[in-house]
Amino acid sequence: MSPHRVVIIGGGFGGLNAAQVLKHAPVSVTVIDRHNFHLFQPLLYQVATGSLSPGEIAAPIRSVLASQKNTEVFLGDVADIDLDGRRVILTDGAAVPYDSLIVAAGSRSSYFGNDAWRELAPSLKSIEEATQIRHKILYAFEAAEREPDPEKRRIWLTFLIVGAGATGVELGGAMAEIARHTLRNEFRTIRPEEARIIILDNSPRVLPTYPEDLSRQAERSLVHLGVRVRLRVRVTRIEGDTVTYQTAGGDEQIRAGTILWAAGVKASELGEVLAKRAGAELDRQGRVRVTPSLTVPGHPEVFVVGDLASLDGPDGKPLPGVAQVAIQGGAFAARRIIDRLKGRPADKPFHYFNKGELAVIGRASAVADIGGLHVWGFPAWILWVFIHLMYIVEFRSRVLVFIQWGFQYITFSRGARLITGPLENGKGGSSDMD
């Protein structure tokens, strides 16, 4: 008799943890991902700002799961899901049968219906985007060094981030350190420390999902680094190097050589496919409304976890799209599959345990909410360092990242400051895993 077939779509936090929990289960596991690597997304901004190289925050999925003899990995892009025939259909026409399915396809950036802005203001959800942003940031200083016109030079040295969530705050702090410390003595015509770094957000405070006292501390740290924060404003237009935003007093504009997007996310397009096939509901972010057991209504064999799943927590609010929700959700789905095979009840509700929130603003500066304990400054930064090291998948990567961070802490140097790809207008950028 053939073993129970489990197909996992997505090799991110949710999918990878589900596969690892099934390591010794009497099942065959197939992991399908459009990339051949698992990406540690919380550190993407460090690739974008030259602290780390892509290969230090990514690991080949085959390598991570090499010891799991019941697991195979397919490189492919999912086009459709045949719920009646229990098959996953890939874009090349291949069909992968399943008995249980775990969908952990993640999320993508949302421009709130203004997708034309994507080319002018890249987001930070992939290695390709991270290297593109790194290119744009570093190229701006190079272009300013050669620009004789003071006004054009000022535009090149203006960096605008739309979004004051964790990604926007971490990007802003890192860019301020690049300008004020890393590049301080490397140019002759410009003074990098005079760069303007501006964060815009429609929220009343930075890190709006964090407790108010930590938001205030984060904003103070940003201001100390020289980052300008404009809150309660809404971006209405991005054209060329000009951003128009709406304030209480009317429209205002800023011209910036580098515009970055960190304002919102929506579920993977696979959520729409699954909802259509199952007749399920989607929330406003395109996430599939699931049962308390993380299954698709009417299809107990199909689990949805991580950023693609919409489930309200005990407070009535949807569970956040963070790594811990995906990690716990993936493990939960895998255990429910094991329960079914052993004849145990498999309809237990998923309970998310919030281990806390962490955001780093700069060198030795972070904010942390750990079990209701609010910490900021150097102690929070130490927590951030070791928690992130713990969750990086490969031991070799942990060691390399630790060495890089230690060297950066002492010298402010960023060893991955490589401008790759074509130089035309600073719009290029390599997707290589350099």
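The values are calculated or read from the model by the stated rules, or taken from the named source; none is laboratory data. Keep in mind it's a predicted model, so treat the numbers as computed, not measured. Cβ atoms come from the backbone with ideal geometry, glycine included; neighbour counts cover every protein chain shown.
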**Prompt:** Out of the range 298-354, which residues are modelled with pLDDT of 90 or more, exposed (fewer than 15 other Cβ atoms within 10 Å of the Cβ) and either among the small types (Gly, Ala, Ser) or more than 28 Å from the chain's Cα centre (by Cα) (or both)?
**Reply:** Gly298, Asp339, Lys342, Gly343, Arg344, Lys348
**Prompt:** Here are some residues: Ile178, Ile161. Which one is modelled with pLDDT of 95 or more and crowded, with 21+ Cβ neighbours inside 10 Å?
**Reply:** Ile161
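A quick yes/no check of all residues on (1) of a type in the set (A, V, I, L, M); (2) surrounded by 18 or more Cβ atoms within 10 Å (Cβ to Cβ); (3) at pLDDT 95 or above:
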site	(1), (2), (3)
Val7	yes, yes, yes
Gly10	no, yes, yes
Lys23	no, no, yes
Pro42	no, yes, no
Tyr45	no, yes, no
Ser67	no, no, no
Asp77	no, no, yes
**Item:** Verdict on Leu183 being modelled with pLDDT of 95 or more, crowded, with 20+ Cβ neighbours inside 10 Å and over 30 Å from Val296 (Cα atoms)
**Value:** no
**Prompt:** Within the range 17-53, how many residues turn out to be under 16 Å from the mean Cα position of the chain (by Cα) and closer than 12 Å to Leu65 by Cα?
**Reply:** 2
**Message:** With under 21 Å from the mean Cα position of the chain (by Cα), modelled with pLDDT of 85 or more, on the phi < 0 side of the Ramachandran plot and not assigned by TED's automatic domain parsing to the domain that holds Leu22 as the only criterion, which of Leu389, Leu383, Leu373 stands out?
**Reply:** Leu383
**Item:** Test for Thr131: is it among the β-branched types (Val, Ile, Thr) and under 18 Å from the mean Cα position of the chain (by Cα)
**Value:** yes
